[in-house]
Amino acid sequence: MKQPPKNKEELFDELLQDLPPEVETLAYEFKAFVRGRKIKNPNELLRVVLLYCGLDQSLREVAGNFTLLEKRITDEAIRKRLRACEPWVKALLSEMLPERKLSDLPDGLRFLAFDGSSIQGPGATGTDYRLHIGMDLVTLEFTHFFVTDKYTGESLKHYPLGGGDVAVVDRGLCHANAIKEKRKEGADVIARYNSASMPLHYDNETPLDLVKER
């Protein structure tokens, strides 16, 4: 016999059962939750975090969904509460996903991943802005973060790098001139090859066809 689908409350209760017992304690310890007002306890605050970070709802959508379940709350109030949750969520993830000890990199060496994304405003049918991000692959912390207009494409030229930096990029950032510029700055680059933006030649200027050379 087919079981009826579970409602949202049942699913959320099951999720709470899978989380570490320190959820509430950590919320108070890291001051993500201080006292109950419209959001009455750490579990309700966790619901807000999951709506925004897990289901990728906008601040207004989170505020609307929370208002339907509890008391009326504004998207600005949601934003303020979420900003205070970062240390709590990091501590919670550390409990759930213990870090494996990695070998220390030599001093001054960083492996950095770079990528860009398009951003659309409400009702938009195309790209409004571009988001450019750099992340340290060891610490998982952002190293570069900025927004440009839609006419600014992805390029390694946007990111200041230096000796000891190793840029790891996909084919969208594999551009010969940008990579040459970063090499002059002392950085190294690991890129997924893009034949359209980086044609290869022998020393005598004869084109190199990687497919035929295989």
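Nothing in this text is a laboratory measurement; each read-out follows from the coordinates by a stated rule. If you're wondering where the values come from, they're calculated on a predicted model, not measured in any experiment. Note that we place each Cβ from the backbone using ideal geometry, even for glycine, and neighbour counts take in every protein chain shown.
Summarising the strand pairing of the chain, around 65 percent of its internal DSSP beta bridges are antiparallel. Structural size metrics of segment 110-213, computed from C-alpha coordinates, are Rg and Dmax of 15.8, 53 Å. In this label model, GLN17 and ASP128 are separated by 4.2 nm, measuring between points 7 Å along each Cα→Cβ vector. For the Cα atoms of the chain, what angle does the longest principal axis make with the long axis of helix 8-18, in degrees from 0 to 90, nearest 10? Once rounded, the angle reads 70 degrees. Using only Cα positions of segment 1-148, each an equal point scatterer, no hydration layer, compute I(q)/I(0) via Debye at q = 0.22 Å⁻¹ and quote the log10 values to two decimals. Rounded to two decimals, the profile gives -1.36. Peptides 31-37, 77-83, 156-162 ordered by packing proxy, namely the average of other Cβ atoms within 10 Å per residue, highest first: 156-162, 77-83, 31-37.
Within segment 110-213, what percent of beta bridges assigned by DSSP are antiparallel, to the nearest 5? Walk me through the numbers on the way to the answer.
Details: 16 of 24 bridges.
So the antiparallel bridges in segment 110-213 amount to around 65 percent.
Each listed q (0.10, 0.12, 0.17, 0.21 Å⁻¹) maps to a log10 I(q)/I(0) for segment 11-96, found by the Debye formula over equal Cα scatterers with no solvent: -0.22, -0.32, -0.66, -1.02. The angle between the Cα long axis of helix 59-69 and the longest principal axis of the Cα atoms of the chain comes to about 20 degrees, rounded to the nearest 10.
Can you show me the helix-derived [θ] at 222 nm for the chain, built from DSSP H runs with n ≥ 4 at -39,500 (n - 2.57) apiece and divided by the number of residues, rounded to the nearest 500. Walk me through the intermediate numbers first.
Numbers: 8 runs with 70 residues, N = 214.
So the calculated ellipticity at 222 nm is -9000 deg cm²/dmol.
Only Lys, Arg, Asp and Glu carry charge here, each on its Cβ (+1 for the first two, -1 for the last two); on that basis segment 11-96 has a dipole of about 640 debye about its Cα centre.
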